[in-house]
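Have a look at the structure below, then the notes.
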Amino acid sequence: MRELIKTPCAVVALLVPLLAIAAGGIVVKSVRPAGETPAKPIRVAAPGTAGEVRLKPQIIELLNGDSLSGGFIGYDAEKGARWKHEAVNAEIAFTAAAIGRIRLNTPPSAEAPARQNCRVRLRNGDEVQGEMMMLNNDTLSLETWYGGMLNVPRAEIESIAPGAATQEALYDGPTDLKGWTGGNLQNGEAGLREGKGMPVPGANGATPPGWLFRNESFYANGPGPQIGRMVKFTDMVNIEFDLAWRGYFQIAVHMYADRLEQYSGNAYVVGINPGNVYLIRMTAREGQNNIGNGNIQELQQKNKARFSIRVDKKNKNISLLVDGVLKQQWKDANAFAGGGDGLMFISQGNGMVKLSKLRVTEWDGKMPSANAAAGGKATEDIARLTNNDSVTGQLRGVKEGKVHFFSQSIGQELAIPIARVARIELAKPAGEPAKPAPGSVRAVFAHGGALTFNLEKWEGDQVSGTSSALGKVTLRPTAITQLDFNLQQKRPDSGDPFDF
């Protein structure tokens, strides 16, 4: 097996003719406002070319660490996974018990309609995406291009992001390295040594540290790496990102910069480390000026957080939120220092960091209310609105383009336009979430999200199985980019150098 890995080989294309899949037997009413186009039956694109080459090779990874490139042919519960390698005349069958992961590397499909942007997160950690057709006390019906109508028991739902409130992003990613630049940018990949994570600066002649891009995330180890890009900043901007860390971290965020160079030119720099945040005003003429520091000691008790930096250029106000809570506000008494559209991240600490889910949008100038920061009781549902207000109480349902929510504080039901609702968090019900059956796999979707289910068959145009949360499911193979097997076993390399 290990010798086969060294043999150069072309990627064997996945033989998946595309045929129509039935949308399912349930009839539901759309939550769209009256007058909009009703839901259409699912249609599948014409069959693809049999010899078509994928952008990335398909790889099967075993639990013992072996891996093999080639082409995935299919799967059934009795024979396991069928695989083809150009150096082997016959098909290779791998038993399910030996498989760690199959990387199909399927790119996101253009078949997904624009309306399929409602994200439903389940209590077991799965996430499915589609168009919300109905929500009542028992069930959420989600129309999906890749699996027909999915009926999700309300008791299994953790949160719902309706999707209608999604703003057009100035930047949303990273999905690749296009547009990004930085010193030693490629050294993160070049210096990676198997089983050892990213290189320690100066150790055994290791290359200088750089950012590593994997799985739609940036990784850095040690001080010095910088990565940046140009963003069309507006006068009111919200810069949000997830940051995870191990050890002592310090991240410097350059905004409105006219140079993608560390502490150079005209820009603002927000610095964040465990326990402290600061804002530096920087101009080419006057140099650097620290506008003020703030204390956030709770970061010492965490290893990850979501940060939001909100900029009001006209009033020269900059605010920092951590996990949705306002932590620091600064006001520049002088002229606005930023001179361009540069956004840059610099790792300055000795620890390991992971930067992901970066989103830059226009901001309406509103800050979270006290209720939004405090949240609601564990027995209450919470509707978080686009203006950062929140309503606590009981979610009654969604219909005709409105979220019907009973507010405990005012004692009446509200009908909130779905376009004003950013996220709905459901109260945690009694009992544990449905547990996957032994032998279940996790399908990772190319367009985002994942579903855990007992894989019964992957044949030609469809994937079939049973989910402990959703029941019987039939999925399109073109939607799945990865299959994880033996979920309770130690995984082969996930592509995350630090196992965040």
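Using label points projected 7 Å from each Cα along Cα→Cβ, tell me how many nm separate GLU456 and VAL325, to one decimal.
Inter-label distance under the simple model: 4.7 nm.
What do the square roots of 5 times the Cα gyration tensor eigenvalues come to for the range 169-362, in whole Å, largest first, as semi-axes of the equivalent ellipsoid?
27, 18, 16
What's the ranking of 432-438, 482-488 by average number of surrounding C-beta atoms within 10 Å, highest first?
Output ranking for 432-438, 482-488: 482-488, 432-438.
Going Cα to Cα from LYS79, which aspartates and glutamates come in below 15 Å? Please leave out same-chain ones fewer than 8 positions away.
GLU91, GLU456, GLU459
Residues in the range 302-322 near a label at ALA284, defined as backbone nitrogen under 14 Å from the 7 Å Cα→Cβ point?
none
How many angstrom lie between the C-alpha centres of the range 301-358 and the range 90-146?
Value for the Cα centre distance between the two parts: 33 Å.
From the phi of every residue in the range 109-119, what ³J(HN,Hα) in whole Hz does the Karplus formula 6.51 cos²θ - 1.76 cosθ + 1.60 yield, where θ is phi - 60° and glycine or proline is x?
8, 7, 6, 5, x, 4, 6, 7, 10, 7, 10
Any idea how far apart ASN215 and GLU298 come out in nm if each label point goes 7 Å out from Cα toward Cβ?
Computed distance between label sites ASN215 and GLU298 equals 2.7 nm.
How do the peptides 262-275, 102-115 rank, highest first, by the average count of neighbouring beta carbon atoms within 10 Å per residue?
Result, highest mean first: 262-275, 102-115.
Just so you know, all these numbers are worked out from the coordinates, no wet-lab data involved. Note that the structure is a prediction, hence the values are computed from the model and not measured. Virtual Cβ from ideal backbone geometry, glycine too; neighbours counted across all protein chains shown.
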